Amino acid sequence: MYWDNIAWAVSAVLFVVLVAGVIHLLHIRHLLNQAGSIQVALRRNDGRWKNGIAILNDDTLDLYPTRSFGWSPSRRARREDINFELHPDRDGVQIVTLILPDDRWHIASSSGEIFALLSWIDSAAPSAEPTMA
């Protein structure tokens, strides 16, 4: 009787952990499937490197650490508030420092993805682009 209760408790805990893991993986997949998503490594000025996802929206850059269960971005910055410093390429990995009004973030990824990010920062928002009537 005692061991049956322990077995049920262990099974319930394993089931909850499995469901949480599946939900987390589906959330990461959802983020990576969004248009303008880039898989990056993120680091604050004094922190450690973490895997993350940067999403280039119309007017904002959203940064999501992949090891977080949060549904909202850990940092959101408006396009016009972002300045950057590009660092030399190191073995195919490009690092850029994003200078925000109240913070600095280092982002590392492949050269192509970093240059896509820098192009997005320098370009005008889609609503500001001229359209032909």
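Structure above, values below:
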| read-out | value |
| --- | --- |
| Residue in the range 44-57 that is of a type in the set (V, I, T) and either more than 30 Å from A20 (Cα to Cα) or not in a strand (DSSP E or B) (or both) present | no |
| Unmet criterion (only one of (1) in contact with a Leu (Cβ under 6 Å, 6 or more places away or on another chain); (2) among the β-branched types (V, I, T); (3) in a helix (DSSP H, G or I)) for V96 | (3) |
| Single residue of G52, G47 found to be open to solvent by less than 40 Å² (accessible area, probe 1.4 Å), modelled with pLDDT under 85 and not hydrophobic (A, V, I, L, M, F, W, C) | G47 |
| Condition met for G112 (part of a strand (DSSP E or B), modelled with pLDDT of 85 or more and either out of contact with any Lys or Arg (no Cβ under 7 Å at 6 or more places or on another chain) or of a type in the set (D, E, K, R) (or both)) | no |
| Out of L61, L26, sole residue that is in a helix (DSSP H, G or I), within 26 Å of S110 (Cα to Cα) and of a type outside the set (D, E) | L26 |
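Let's see how each residue does on (1) closer than 12 Å to R43 by Cα; (2) hydrophobic (A, V, I, L, M, F, W, C); (3) touching a Cys at 6+ places or on another chain (Cβ under 8 Å):
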{"site": "R76", "(1), (2), (3)": "no, no, no"}
{"site": "F84", "(1), (2), (3)": "no, yes, no"}
{"site": "D89", "(1), (2), (3)": "no, no, no"}
{"site": "V96", "(1), (2), (3)": "yes, yes, no"}
{"site": "H106", "(1), (2), (3)": "yes, no, no"}
{"site": "E113", "(1), (2), (3)": "no, no, no"}
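The values are calculated or read from the model by the stated rules, or taken from the named source; none is laboratory data. None of the values given here were measured: they were computed from a predicted structure. Heads up, the Cβs are rebuilt from the backbone with ideal geometry, glycines too, and the neighbour counts pull from every protein chain shown. These area figures cover heavy atoms from the full protein model, side chains too; ligands, DNA and RNA do not enter into them. Shrake-Rupley method; radii C 1.70, N 1.55, O 1.52, S 1.80 Å.
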